[in-house]
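K.L.:
Okay, handing you the structure first.
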Amino acid sequence: KLRVVVVGGVAGGASAAARVKRLNENADVVVFEKGSDVSFSNCGLPYYLSGTVEDSEDLIMMTPTAFRKKHDIDVRVHSEVVSIDREKKTVTVRSTETGETYEQPYDKLVLSPGANPIVPPALKGADRENVFTIRNVRDIVALKTFLDKPETKRVFVVGGGFIGIEAAENLQLAGKDVTLAELSGQILQPFDEDMVQILHKELDDHGVKLLLHTNVQAITEQGVTVERNGAQETYSADAVVLAIGVFPETKLAAAAGLEIGKTGAIHVNENYQTNDPDIYAVGDAIEVYDPQTHVWRKLALAGPAQFEARAAADHICGITSPNHGFAGALCLRVFGQNAAAVGISEALAARSGLHADSVLIFPGDKVGIMPDWHYMSLKLIFERPTGLILGAQAIGEGDVVGRMNVIAAMIRMHATVYDLKDMTLCYSPVYSTAKDPVNQAALVAINVLEGQLRQVHVSEARSLVESGAYIVDVREEGEYAEGHLVGSHNIPLTQLRARMEEIPKDVPVYLHCRSSQRSYYALCCLRGHGYHNLTNISGSFLGISLY
Ligand code: FAD
């Protein structure tokens, strides 16, 4: 009988165990979990704070009894694997309830111990009883119990990654007074700075006090002391949530002499084997190959953990489904905005030495006659001159995730903006536009790549204004009156042909409108009338309002 031991009973561990059993009914599969629950929804944890998930029991997908009954898998909770003897092929297990230890033999061992929330040792007060991290059901129940005390009114969240943002949203929905501090100048690093401004505003509009460039220094009786703009400030807080990232759990692997990569995570080969071929590792604890930037990196996402687990189980059972690495893909809701980012950001592309360019458009998510249509902001990042799609980000009240999933699939297939232009996607006015927003983004990108459209990014608008550039705003007069770039000349597209002589031919002309669509039409018109030095301001007025 094949003996398979799995360490960790949640996303990766439970998936690996179940797949081994499906492929080999005779296998003897034992899962050790040091916590009290297995197979729970980590991703659902923040939603318990707001009551969106009403009962903490609903966060638990499968119990040890269900594993035994449905799959004949032996799941042992409160059981920590404390060491691996690779010679004897045994693990030592310690009961977290009684402290007793025993040995368990294995033929194949799968490590899926996850990642621990980072708690900086130097952070004074991190061990106070009102300071929480979120990793498992027990953590979230402890936090919720504390929040339910009537005196817990002000909650300070440290960290603007997706766990911090989801926690802040749900705490606010639970009626708490929420402050969120982030060390860098923006939340959610997978989004570019221009796009993420929408989410900064959304947090602000919903009463979450967002503190950027803010370094949390200490947590005391008085609250949270931070360093901000070179000064020290203290914010009173009844509870503090630390969400400053996670770090791979590698203690067990390192002590057993398994290779730890430069990233600090367990290194595996294309079959998820460690440097011991009988020991596999998957999930947040391993480093993965990024096929876009060609580096190994940490990736703490549930989908990849489950795919990795399945592939490891397949290999154990003689099926090869090799690992090609993972591109990034992330989505979340921030109050009324849905946000998704796939592939790499423009900032990461630049840091990786890629020759990237981008377009930013504001299409409707469905046809404008539908009562529930919404604009979305969609950024497409591509390589010059090949047009290879590198990444995309979309934020809006409507369906942005479906759009980003199309692009995630195209990234996996190494597709270009030309392929994206040719994608035939489902259309009905109820769901989309005849040219889906992703097709539209591809068309604009092709115009840029082929020189049909010269553009500057909206982030450069301020310096254009300061340098006295000749900017033509082609929006209607009423729109212009509501707000415009200082010094810009208002010639609406509808009057352009009649008033063209007002625009000089001997200076560079920048065209500008609400979404950069009318300005593009104006550019084409002027070009046809002998103007040569024309540039569209990409992102236009809607983009400017992001800042
Ligand atoms: P885990 O699921 O963390 O499981 C590891 C388990 O191993 C733990 O229960 C731990 O107790 C146990 N363990 C560790 N060491 C030992 C040992 N020595 N002996 C026995 N047991 C041990 N991902 C997304 O893709 N989308 C989301 O929306 C999303 N939201 C999230 C929200 C929150 C609050 C959190 C915490 C995570 C979220 N994630 C999300 C990330 C996702 O949950 C993880 O990537 C995924 O769970 C990783 O799976 P894993 O098996 O590697 O680790």
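Every read-out reported here was derived from the displayed coordinates using simple, explicitly stated rules and does not represent laboratory data. Please read all numbers here as calculations on a predicted model, not as lab measurements. For neighbour counting, all protein chains shown are included, and Cβ atoms are generated from backbone atoms with ideal geometry for every residue, glycine included.
K.L.:
Would you please list the contacts, defined by Cβ atoms under 9 Å and residues six or more apart or on different chains, that run from a residue in segment 152-163 that is without any contact (Cβ under 8 Å) to a residue 60 or more places away in the chain to a residue that is of a type in the set (Gly, Ala, Ser)?
P.N.:
The qualifying pairs are Gly160/Ala168; Gly160/Ala181; Gly160/Ser184; Gly160/Ala243.
K.L.:
Here's another thing I want to ask about it. Consider Gly12 carefully, then state whether it is surrounded by 14 or more Cβ atoms within 10 Å (Cβ to Cβ) and touching a Gly at 6+ places or on another chain (Cβ under 6 Å). Break it down stepwise before answering.
P.N.:
Values: surrounded by 14 or more Cβ atoms within 10 Å (Cβ to Cβ): yes; touching a Gly at 6+ places or on another chain (Cβ under 6 Å): yes.
Judged against the criteria, Gly12 is a match.
K.L.:
With respect to the numbered conditions (1) farther than 25 Å from Ala340 by Cβ; (2) in a loop (DSSP other than H, G, I, E, B), which one is the sole condition not fulfilled by Gly160?
P.N.:
Going through the list (1) farther than 25 Å from Ala340 by Cβ; (2) in a loop (DSSP other than H, G, I, E, B), Gly160 breaks only (1).
K.L.:
Just name the residue that is surrounded by the fewest Cβ atoms within 10 Å (Cβ to Cβ) out of those in segment 78-93 that are within 19 Å of Asp37 (Cβ to Cβ) and near the ligand (Cβ under 9 Å from one of its atoms).
P.N.:
For segment 78-93, the residue satisfying everything is Glu80.
K.L.:
While we're on this one: With the requirement that a residue be of a type in the set (A, V, I, L, M, F, W, C), surrounded by fewer than 24 Cβ atoms within 10 Å (Cβ to Cβ) and over 30 Å from the mean Cα position of the chain (by Cα), what does segment 15-33 give you?
P.N.:
Leu23, Ala27, Val30
K.L.:
Still on this model: Return the residues of segment 39-76 that are of a type in the set (Val, Ile, Thr), under 31 Å from the mean Cα position of the chain (by Cα) and closer than 20 Å to Gln306 by Cα; say none if nothing qualifies.
P.N.:
Ile60, Thr63
K.L.:
Take Thr234 and tell me if it is among the hydroxyl-bearing types (Ser, Thr, Tyr) and closer than 30 Å to Pro150 by Cβ.
P.N.:
Numbers: among the hydroxyl-bearing types (Ser, Thr, Tyr): yes; closer than 30 Å to Pro150 by Cβ: yes.
In short, yes.
K.L.:
State whether one or more residues within segment 241-249 are within 30 Å of Val4 (Cβ to Cβ) and exposed (fewer than 14 other Cβ atoms within 10 Å of the Cβ).
P.N.:
no
K.L.:
Hey, Leu534 hits all of (1) touching a Leu at 6+ places or on another chain (Cβ under 7 Å); (2) on the phi > 0 side of the Ramachandran plot but one; which does it fall short on?
P.N.:
Just one mismatch for Leu534, condition (2).
K.L.:
Does segment 1-23 hold any residues that are within 6 Å of the ligand (Cβ to nearest atom) and in contact with a helix residue (DSSP H, G or I) (Cβ under 6 Å, 6 or more places away or on another chain), and which are they?
P.N.:
Matches in segment 1-23: Ala11, Gly12.
K.L.:
Can you tell which of Gly99, Gly125, Gly44, Gly114 is more than 13 Å from the ligand (Cβ to nearest atom), small (Gly, Ala, Ser) and under 30 Å from Val224 (Cβ atoms)?
P.N.:
Gly125 is the lone residue from the list that is more than 13 Å from the ligand (Cβ to nearest atom), small (Gly, Ala, Ser) and under 30 Å from Val224 (Cβ atoms).
K.L.:
If you don't mind, there's one more thing I want to ask. If we scan segment 53-70, do we find a residue that is within 14 Å of the ligand (Cβ to nearest atom), of a type in the set (D, E, K, R) and out of contact with any helix residue (DSSP H, G or I) (no Cβ under 7 Å at 6 or more places or on another chain)?
P.N.:
no
K.L.:
Hey, among the residues in segment 58-85 that are hydroxyl-bearing (Ser, Thr, Tyr) and not in a helix (DSSP H, G or I), which one's nearest to Ala16 (Cα to Cα)?
P.N.:
Thr63
Residue-by-condition table, conditions (1) surrounded by fewer than 16 Cβ atoms within 10 Å (Cβ to Cβ); (2) within 12 Å of the ligand (Cβ to nearest atom); (3) part of a loop (DSSP other than H, G, I, E, B):
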{"position": "Pro121", "(1), (2), (3)": "yes, no, yes"}
{"position": "Glu129", "(1), (2), (3)": "yes, no, yes"}
{"position": "Ala142", "(1), (2), (3)": "yes, no, no"}
{"position": "Thr152", "(1), (2), (3)": "no, no, yes"}
{"position": "Phe156", "(1), (2), (3)": "no, no, no"}
{"position": "Ala167", "(1), (2), (3)": "no, yes, no"}
{"position": "Thr179", "(1), (2), (3)": "no, no, no"}
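K.L.:
I'm told Glu501 meets every condition in (1) within 30 Å of Val196 (Cβ to Cβ); (2) in a helix (DSSP H, G or I) except one. Can you identify the failing condition by its number?
P.N.:
(1)
K.L.:
Check Thr433, Thr416, Thr386 and return the single one that is on the phi < 0 side of the Ramachandran plot, without any contact (Cβ under 8 Å) to a residue 60 or more places away in the chain and surrounded by 16 or more Cβ atoms within 10 Å (Cβ to Cβ).
P.N.:
Just one listed residue meets the conditions, Thr416.
K.L.:
If you check Val486, Val472, which single one turns out to be in contact with a strand residue (DSSP E or B) (Cβ under 6 Å, 6 or more places away or on another chain) and either outside any loop (DSSP other than H, G, I, E, B) or surrounded by fewer than 17 Cβ atoms within 10 Å (Cβ to Cβ) (or both)?
P.N.:
Within the list Val486, Val472, the selection yields Val472.
K.L.:
Specify the residue that is nearest to Ala329 (Cα to Cα); the eligible residues are those in segment 281-308 that are within 7 Å of the ligand (Cβ to nearest atom), touching a strand residue (DSSP E or B) at 6+ places or on another chain (Cβ under 6 Å) and not charged (D, E, K, R). Full working, then the answer.
P.N.:
To start, the set of residues in segment 281-308 that are within 7 Å of the ligand (Cβ to nearest atom) comprises 282-285, 300-303, 305.
Next, only the ones that are touching a strand residue (DSSP E or B) at 6+ places or on another chain (Cβ under 6 Å) stay: 284-285, 300.
Adding the requirement that they be not charged (D, E, K, R) leaves 285, 300.
Values: Ala285: 18, Ala300: 11 Å.
Within segment 281-308, the match that is nearest to Ala329 (Cα to Cα) is Ala300.
K.L.:
Same structure again: Go through Ala305, Ala254, Ala327 for me and flag whichever is surrounded by 23 or more Cβ atoms within 10 Å (Cβ to Cβ) and not aromatic (Phe, Trp, Tyr).
P.N.:
One residue alone meets the criteria, Ala305.
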